[in-house]
Amino acid sequence: MVMQSESNHHDPHSTALVNARLFDPASGLDQKGGMLIVNGKIATFGPEIGQGSVGEATFIDCGGKLLAPGLIDMLVFTGEPGHEHRETLATASRAASAGGVTTIICMPNTDPVIDDVALVDFILRRARDTAQVNVHPMAAMTKGLLGEEMTEIGLLREAGAIAFTNGKHSLANAKMMRNVLAYAKDFGALIIHHLEDPSLAKDGVMNESEVSTRLGLRGIPAAAEAIMLERDVRLVELTGGRYHAGQISCRASLEIIRAAKARGLPVTCGVSINHLTLNQNDIGPYRTFFKLRPPLRSEEDRQAMVDGVASGDIDVIVSAHDPKDADVKRRPFAEASDGAIGLETLLSAALSLHHNGGVDLATLLKAMTANPARLLGLDSGRLAKGAPADLVLIDLETPFVVEPEHLRSRSKNTPFDQARLQGRALMTLVAGRPVYNYADPRGS
Amino acid sequence: MSIAAEATEFSFPHRHLLGIEGLSGHEIVGLLDLAEEAASVSRQVAKKRDDLRGRTLINLFFEDSTRTQSSFELAGKRLGADVMNMSVRTSSVQKGETLIDTAVTLNAMRPDILVVRHHAAGAVELLAQKVDCSVINAGDGSHEHPTQALLDALTIRRHKGRIAGLIVAICGDILHSRVARSNILLLNTLGARVRVIAPSTLLGAGIERLGVEVHRSMRQGLDGADIVMMLRLQRERMTSSLVPSQREYFHFFGLDYDKLACAKPDALIMHPGPMNRGVEIDSNVADDARSVIREQVEMGVAVRMAVLQALARHLPNQ
């Protein structure tokens, strides 16, 4: 069991984690041992680090649980600035820490849109002052996300924008997309795109299928995603720009990604935890917490997504955390907002794929640690000497029921309401400092 | 007497000057030598020569231009020609006449030389096929601007004594620049090492196949450069999202003292004009002692006199 020990000479700059199962998906490390953290960085780790060897450091007994790099969530919407009643950077970060997420990448579709150097600076300052976990803002790649004028990608990148995106809108104008990819390439900037041909997806509210026909809901065909992705791949081929499909949701997209990678193009993709664990049938009697963008697809598509993660063709798993208040969710399905929260359930829901044999544990965690770190150029996401001590202690086994009222997110729109999940974050550390402790959630 | 009298060795067998492409190194050097003499003539009190006495030169500008048009006008007048400026606004082009009809109409007036600027690449060559007189390309779209490249070369040669072996960095909107194309052709012909520096959106496909070293960073591209040649950035490049804003462009691609420090200490600063101070070039850098921007204008007249003299040997109506 986890416990925090008092040491005789308390040194705030030095912490030892002992009696852990060290698990690093990047290197394949999986062995019993301990870790010494000095000044927020991993000083050393291995089987030789035990309670007797840590001197005057504060030590934490990990009870044999799995100690892994903290998760990096590449797709998080918050409401700050503009919609603080849904989520602030502070509440999102508290939700993140409870889910073992130590770094969140924020979407720019706030009010105002993050499309200016001063606003990137605002997010970084607010995060520094209020957030428990690392926060990196993405910036809009077109001004106001309107798809008409390119943003100052070079200056925004210098200001700290970690990637560029058009939010929940696809950039329909192919020439603009070409310019953005070509221009961003000069600055080494990653373009993260939402995939949805606007004319095909117009008025659609769920996956186009027999289910949408039965429910009498307008459908969004999987082709709306595949067409946009195929176009983007051609533009990547033309420009050489680094491109990441934020979320894919269907088999057709996976095939396009595989083909692009086989051609050696700088194309990567993500999938949301929702599209790995849920399908369109979960909508059942018009449950709006299952209304997502991209929409939940067929079971066959879901299985393809799991296969894609297992094979490594899908690089990243995201929560697609999208807090929405009851006012915009408690509506007829077609009129309700889309989106689901996910920061706190990302890890537990992902572990279901480990438990049911869909994806091995290292591959699963790699898609939430080392892979996003590599795409974003972060030095976290792995257990390595000198790396930031952003860590999560994971209990793989204990089952629990998701109770929305216990979630820390300011909005409660979780599709995992009352879900039985197995395994969770016991403790989360950011730069060596515990920011979440399951045994004592109020204490940290 | 003719100032070309001494340069009898120089042969220039062309009827038109449509571009740098097709000119030999020998012909280019010959034109520069002629221009050198014209430059000294232009500094005398008596600038008037008689090479083109009795001849008619028409400036036909489909695009607005102040400096190139007046430069050709002065060059023609100093050589004794009658010069007429055709303003497009008052011409029949506004009434829907095609380029070829305009050319045929002008041709019927028996001019000896047409100086043409047009917004469409290849338009000047098309016009040249339809007239009996000599045609000089004063800029066709994003294609060529041969007299600009010649005046740039003359300015460089006067300061550095040579062209061969110099590192010349051409910076900015390469994609849309006729100045860049003509300069790349000329400088390569004379043995310079040409670099282009621009964001990917302003480079153009396959630019490296034109015999240039491609850079997307000013600091790298300017490293050790003998010549820094800036290009004008049109405002339209922002509205069409090839670059996001003036301030970002200046930050990364504008010539300031910081970036200029990467070039050789005695690097020349050049600009074909008109300049956007604060967009592609810092105002103080534009006025720096190393800036030869005003001398480029002076050499413009000299080079255009040289071109007119060279073409005078093959004029019609004789």
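We did not get these values from a lab; they are worked out from the coordinates using the rules stated. Quick caveat, the model's predicted, so the values are computed rather than measured. A quick note on method: Cβ atoms are made from the backbone with ideal geometry, for glycine too, and the neighbour counts reach across all protein chains shown.
Observations on the structure shown:
- Taking amide H as placed 1.01 Å from N in the peptide plane, the amide H of A:Y436 sits under 5 Å from that of A:T428, each at least 5 places away or on another chain.
- When chain B is treated as a GNM with alpha-carbon contacts under 10 Å, the residue of B:E298, B:E213, B:E248 showing the greatest mean-square fluctuation is B:E248.
- Residue-averaged beta-carbon neighbours from other chains (10 angstrom radius) around B:241-252: 6
- Computed [θ] at 222 nm, helices only, for chain B once each DSSP H run of length n ≥ 4 contributes -39500 (n - 2.57): -10500 deg cm²/dmol
- Whole-number Å³ per residue for the convex hull built on Cα positions in segment A:235-368: 116
- Counting Cβ atoms of other protein chains within 10 Å of each Cβ in A:336-346 and taking the mean gives 0.
- Residues B:I58, A:I153 arranged by fewest to most Cβ contacts within 10 Å: B:I58, A:I153
- Cα-based helix-to-principal-axis angle, B:293-312 vs chain B, degrees rounded to 10: 30
- Here the label points at A:E237 and B:R235, each 7 Å from Cα along the C-beta direction, are separated by 3.9 nm in the simple model.
- Computed from Cα atoms alone, the Kirkwood hydrodynamic radius reported for segment A:91-141 is 11.1 Å.
- Amide hydrogen neighbours beyond the local backbone of B:F61, cut-off 5 Å, H modeled: B:M86, B:V88, B:R117
- Eligible lysines near A:K324 by straight Cα distance, threshold 28 Å, same-chain separation 8 or greater: A:K143, A:K168, A:K202, A:K291, A:K412
- Prolate/oblate/rounded call for segment B:195-283, Cα gyration tensor, a/c under 1.5 rounded: oblate
- Relative contact order for segment A:125-264: 21 percent, from Cα pairs under 8 Å spaced at least 6 residues apart, divided by residue count.
- Fraction of antiparallel bridges per DSSP, the protein assembly as shown only, in percent to nearest 5: 35
- With neighbour counts taken as other beta-carbon atoms within 10 Å, the residues A:E255, A:E48 rank, fewest first, as A:E48, A:E255.
- Inter-part distance where segment A:297-324 and segment A:42-112 are each reduced to a Cα centre, Å: 22
- Degrees separating the helix A:222-239 axis from the principal Cα axis of chain A, which is the longest one: 80
- Taking amide H atoms as placed 1.01 Å from N in the peptide plane, the amide H of A:I42 lies under 5 Å from those of A:G386, A:A387, A:A389, each 5 or more residues away in sequence or on another chain.
- Distance cut-off 41 Å, percentage of C-alpha pairs in the protein assembly as shown lying past it: 47
- Antiparallel content of DSSP bridges confined to chain B, in %, to 5: 5
- Placing pseudo-labels 7 Å out from each Cα toward the beta carbon at B:E208 and B:S65 gives an inter-label distance of 3.3 nm.
- Taking a straight Cα-Cα cut-off under 30 Å and skipping sequence neighbours fewer than 8 places away in the same chain, the lysines within cross-link reach of B:K48 are B:K77, B:K160.
- Scalar couplings 3J(HN,Hα) for segment B:18-32, obtained by applying the Karplus form with A = 6.51, B = -1.76, C = 1.60 to θ = phi - 60°, are 9, x, 6, 4, x, 8, 8, x, 4, 5, 5, 4, x, 5, 5 Hz; x denotes Gly and Pro.
- Pairs beyond 26 Å (Cα-Cα), from A:K32/A:K385; A:K41/A:K366; A:K261/A:K366; A:K41/B:K259: A:K41/B:K259
- Convex hull of segment B:235-286 built on C-alpha atoms - directionally averaged projected area, nm²: 3.8
- Cα shape, segment A:293-444, gyration tensor, a/c 1.5 rule: oblate
- Counting beta carbons within 10 Å around each of A:M150, A:M74 and listing the fewest first gives the order A:M150, A:M74.
- Per the Kirkwood formula applied to alpha carbons, segment A:146-295 shows a radius of gyration over Rh ratio, Rg over Rh, of 1.00.
- Contact order normalised by residue count of chain B, Cα under 8 Å, 6+ apart, percent: 21
- Gap separating the Cα centres of segment B:142-170 and segment A:161-236, nearest whole Å: 47
- Expressed to the nearest 5 percent, the antiparallel share of DSSP beta bridges inside chain A is 50 percent.
- Our helix-only sum for chain A, with -39,500 (n - 2.57) per DSSP H run of n ≥ 4 divided by its residues, gives a mean residue ellipticity at 222 nm of -8500 deg cm²/dmol.
- Here the convex hull built on the C-alpha positions of chain A has a volume of 126 cubic angstrom per residue.
- Computed Kirkwood radius, in angstrom, where 1/r is averaged over Cα pairs of segment B:18-140: 15.4
- Amide N proximity, segment B:121-153 versus B:N107 label position 7 Å along Cα-to-Cβ, cut-off under 13 Å: B:125-135
- Cα shape, segment A:390-444, gyration tensor, a/c 1.5 rule: oblate
- Compared with the dominant Cα axis of chain B, that is its longest principal axis, helix B:67-78 is turned about 40°.
- A straight chain from A:D379 to A:R218 at 0.36 nm per residue would run longer than the Cα-Cα distance by 53.6 nm.
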